[in-house]
1. Can you tell me the Rg and the Dmax, both Å, for the Cα atoms in the range 25-127?
2. For Q21 and N119 in one chain, what is 0.36 nm times their gap in residues minus the Cα-Cα distance, to one decimal in nm?
3. Find how much the distance from Y80 to S110 grows on full extension, using 0.36 nm per residue of separation minus their present alpha carbon separation; answer in nm with one decimal.
4. Residues in the range 84-107 near a label at D38, defined as backbone nitrogen under 20 Å from the 7 Å Cα→Cβ point?
Amino acid sequence: MKNYKSFLLLIAIVLMTSCIQETHLKTINFKVNMRGLDTISNPGVRGQFTSPAWEELVPLTDENNDSIYEAKVEFQAAQYDIKFKFVNNDEYELQNQPNRSIKFEYEPESFTYEATYNNPEAKNTKK
């Protein structure tokens with residue numbers, strides 16, 4: 001009986017430790033075109049890549065004044081994809097529409113994600 005319990009304990013330990021997935025570095029260069037907006041205030045991006053998810057605003061900046069706001073985000077992930085939305089004036093874009101999404105491979109990756117604010121179409125280029 002004692003060997004049986006030890007065997008079950010060993011199997012449980014192996015199963016629990018084998019479920020942990022290795023994380024990989026993901027780098028995303030967000031670029032969002034905000035031309036045509038009347039007011040641009042506190043632009044950013046929120047999503048599953050912050051901790052806690054969706055609560056931290058990653059600020060977007062426009063260094064060259066071309067109305068394309070940018071931010072670079074790096075994080076470790078083992079998940080298949082992330083969801084996010086751009087924010088302006090503390091309001092989410094694409095109201096009543098699905099979140100934006102980037103799908104991952106199980107490896108380190110770098111992307112440039114280019115979009116127009118409040119338009120669901122985007123160009124996602126893997127580097």
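Values quoted throughout were computed directly from the atomic coordinates according to the rules given, and no laboratory measurement underlies them. Values in this document were obtained by computation on a predicted structure and should not be read as measured data. Note that we place each Cβ from the backbone using ideal geometry, even for glycine, and neighbour counts take in every protein chain shown.
1. Answer for the range 25-127, Rg first and Dmax second: 13.0, 41 Å.
2. Working: separation 98, 0.36 × 98 = 35.28 nm, distance 3.43 nm.
Extra length available between Q21 and N119 comes to 31.9 nm.
3. On the way: separation 30, 0.36 × 30 = 10.80 nm, distance 1.44 nm.
Once the chain is fully extended between Y80 and S110, it gains 9.4 nm.
4. From the range 84-107, the list is 87-96.
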